[in-house]
Amino acid sequence: MEEKRAASSHTVMNELVLPNDTNGFGNLMGGRLMYWMDIAAAMASSKHCNAPSMTASVDNISFKNPIKLGNIVHIEAKVTRAFTTSMEIHIQVWGEDMLHQYKYESNEAYFTFVALDPHGKPRPVPKIIPETEEEKRLYDGALRRRQIRLILGGKMSPAEANELKALFFGTTI
Ligand SMILES: CC(C)(COP(=O)(O)OP(=O)(O)OC[C@H]1O[C@@H](n2cnc3c(N)ncnc32)[C@H](O)[C@@H]1OP(=O)(O)O)[C@@H](O)C(=O)NCCC(=O)NCCS
């Protein structure tokens, strides 16, 4: 299967925060933002594998700054690394105040999507080619993040997590 550039999956999505998207403080609801992040991740992963894909897991999301009513939500998604049938997608979110013309960080997160065949079963995905320094940094960290989430999801035993063992103990034994 032909490898693909990480940049090919780059997805940009914008939304305007309307009253129905907000909580009692006039800020964007976290759940609404996670819904939009999931859609951006789905578009990035499907661009990479040219197939339908499904959310397998979402790593922890910490909200740094609330996004205000009337502001723009700017979401960028890109596949960091592809494994056998799964892909890790990095999401970054900013708020944008159009009146005062400034952008502020909201949060970032990692989503894992699995490519599906016509029978709804996991199917192989192309490997990824990281090109920029940032893409290479994210690619290198993806194995460790994958091992953490598979251990937490009960899909891997800590004894198998060689990347993590090397990180903490400097050895894979
Ligand atoms: C995601 C799902 C397809 C995986 O199916 P499965 O039978 O566990 O298949 P496998 O064990 O072969 O795993 C397939 C891939 O998913 C990955 N995976 C499974 N569970 C995972 C988890 N909790 N976190 C991260 N990756 C996970 C595996 O590591 C594997 O990746 P790889 O092929 O690149 O090594 C299945 O668990 C599922 O359908 N879950 C529900 C998804 C859903 O409803 N999403 C929200 C609505 S869209």
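Side notes on the structure shown:
- Solvent-accessible area, 1.4 Å probe, carbon plus sulfur percent, for the chain: 56
- C-alpha long axis of helix 133-152 to longest principal axis of the chain, angle in °: 80
- Ratio of the Cα radius of gyration of the chain to 2.2 N^0.38 Å, where N counts its residues: 1.12
- For the range 70-173, GluC sites (Glu not before Pro) are listed when DSSP marks them as loop and at most 15 other Cβ atoms sit within 10 Å of their Cβ; the list is 131.
- At a probe radius of 1.4 angstrom, the accessible area of the range 1-81 per residue rounds to 53 square angstrom.
- Extension gain (nm, one decimal) between residue 152 and residue 103, 0.36 nm per residue minus Cα-Cα: 14.2 nm
- Per DSSP, loop chymotrypsin sites (Phe, Trp or Tyr not before Pro) in the range 38-100 with at most 16 further Cβ within 10 Å: 63, 83
- Local electrostatic count, residue 64, Cβ distance below 11 Å [Lys/Arg +1, Asp/Glu -1]: -2
- Projected onto planes of every orientation and averaged, the convex hull of the alpha-carbon atoms in the range 42-117 covers 5.6 nm².
- Over the chain: helical MRE at 222 nm, DSSP H runs n ≥ 4 each giving -39500 (n - 2.57), nearest 500: -9000 deg cm²/dmol
- The chain: relative contact order as a whole-number percent, Cα under 8 Å and 6+ apart: 24
- Using the alpha-carbon positions of the range 71-161, Rg (one decimal) and Dmax (whole number) come out as 16.3, 53 Å.
- Over all projection directions, the Cα-based convex hull of the range 122-172 averages an area of 4.7 nm².
The values are calculated or read from the model by the stated rules, or taken from the named source; none is laboratory data. Small disclaimer: the values here were computed from a predicted structure and weren't measured. FYI the Cβ positions are ideal-geometry reconstructions off the backbone, even for glycines, and counts take in every protein chain you see. Just the protein is used for accessible areas: all its heavy atoms, side chains included, with ligands, DNA and RNA removed. Shrake-Rupley method; radii C 1.70, N 1.55, O 1.52, S 1.80 Å.
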